[in-house]
Structure formats: C-alpha cells, structure tokens
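The values are calculated or read from the model by the stated rules, or taken from the named source; none is laboratory data. Note that the structure is predicted; figures quoted are calculated from it, not measured. Don't worry about glycine lacking a Cβ; one is built from the backbone with ideal geometry, like all the others, and counts go over all protein chains shown. Accessible surface is based on the protein model in full, side chains and every heavy atom, while ligands, DNA and RNA are left aside. Shrake-Rupley method; radii C 1.70, N 1.55, O 1.52, S 1.80 Å.
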Amino acid sequence: MPIDRKHLGRRYGPYRFTVGLEQIRDFASATGGGVPGRVFAVAPERAHAWTWDEAAAAASPHGGLVAPPTFAAAFAIQPFATACADPELGVNVLRLVHAEQSFELEAPVRPGDVLETEGEITRIQDRGSLDFLEVTTETRNQRGERVVRGVWTAIIRN
C-alpha cells in the first residue's frame, strides 16, 4: 500500500549528537582505508591531514581538526531513519532500499561540537509498485550555525 501523502511535512527531531575526536578519527580511518580504533591508530593513507593530524589541522584555514564531509552521515541520518521506521507511515523496512543522499556543507564540524538535527518529509511519491520517501534534514551546531543540509531518499517496494 502506498504511503499516505498526509504525512508530507511530518517532522522528526531534534536529535542531539556530541562530536568526539575519536569518532572523527575512527570515521576518517574507516573511510580512508585504515583500521578504526585506538589500538592501531595510524593515519590511513587516504585520510586528509586536517581530519587526523593536529599540527596540520592547526595550520589550516579552520585552525584545528575537522570532520570529513561524509561524517555528516553519522549524525544527520537520524530523522531519516526514524521516518523510515515510523509506524504511522507503515513502511516495511524489509522492502526498503536507501537509494540516495546528498549533503550541502555550510560549516566545518569539529570535535566538541554539539549538533542538533531535525528532519521533515519533503516528498512522498508512488510509481507503480514503488514508493519514494524523501526526508530533508538540517543540522545546526551549538552556536546556531547551520553546518549541513541533507536530502535522503528511500525506495520501498510495495
């Protein structure tokens, strides 16, 4: 059964996430070809120095370590995940594919930042036996600055 369009505009959040230095390094390591964790804490070959090396990051335009751009997936996904599992929508998650996501990065994410993410269902569409569910998220830091806007799409087979 298609998702009822009455849910268009439904909001989720805010969800709070405190960014840790080790989280950034683990993420940079895991996505840069390294081994996450503090036991084998060696910078992976493909990790950007500003996400790993404190001296290099201090000399950067940001003045300190920053999270890699795709780190946004670690915190900004919560409203999307909650929408997909919302019993009111009736989505069968066993028939769901996370189809697409995009980020508009507006400010760096740093260790110690306290981020709040909210999301809204911005598109519900059915095409034959497929439903498309789109959630747009916005994340702000403790200073109220928007750091990332995300658009997340799920395809659900009816």
Extended-chain gain in nm, criterion 0.36 nm per residue less alpha-carbon gap, ARG157 and ASP86: 23.9 nm
Can you work out the FRET efficiency for the pair LEU96 and GLU145, with r the C-beta to C-beta distance and R0 = 35 Å, to the nearest 0.05? 0.60
Rounded accessible area per residue of the chain, 1.4 Å, Å²: 55 Å²
Would you mind telling me the share, in percent, of accessible area of the chain contributed by carbon and sulfur at probe 1.4 angstrom? 52 percent
At 1.4 Å probe size, what's the solvent-accessible area of ILE24? Round to the nearest 10 Å². 0 Å²
Per-residue accessible area, 1.4 Å probe, largest first, puts ARG149, ARG46, ARG157 in the order ARG46, ARG157, ARG149
Calculated from DSSP helices alone, with each H run of at least 4 adding -39500 (n - 2.57) and the total divided by the residues of the chain, [θ]222 nm to the nearest 500 comes to -4500 deg cm²/dmol
With the label point 7 Å along the Cα-to-beta-carbon line of ALA56 and a cut-off under 18 Å to each amide N, the hits in the range 1-22 are 21-22
Using the Cα centre of the chain as the reference point, and only Cβ charges (+1 on K/R, -1 on D/E), how large is the resulting charge dipole? Debye, rounded to the nearest 20. 220 debye
In degrees, nearest 10, range 0 to 90: what is the angle between the Cα axis of helix 21-31 and the longest Cα principal axis of the chain? 70 degrees
Any idea how far apart GLU116 and LEU8 come out in nm if each label point goes 7 Å out from Cα toward Cβ? 2.8 nm
Amide H of ALA99 versus every other amide H placed in the peptide plane: which residues, excluding those fewer than 5 positions away on the same chain, fall under 5 Å? THR153, ALA154, ILE155
If ligands, DNA and RNA are left out, what is the accessible area of ARG127 with a 1.4 Å probe, given in Å² to the nearest 10? 130 Å²
Leaving ligands, DNA and RNA out of it, rank LEU115, LEU130 by accessible area with a 1.4 Å probe, largest first. LEU130, LEU115
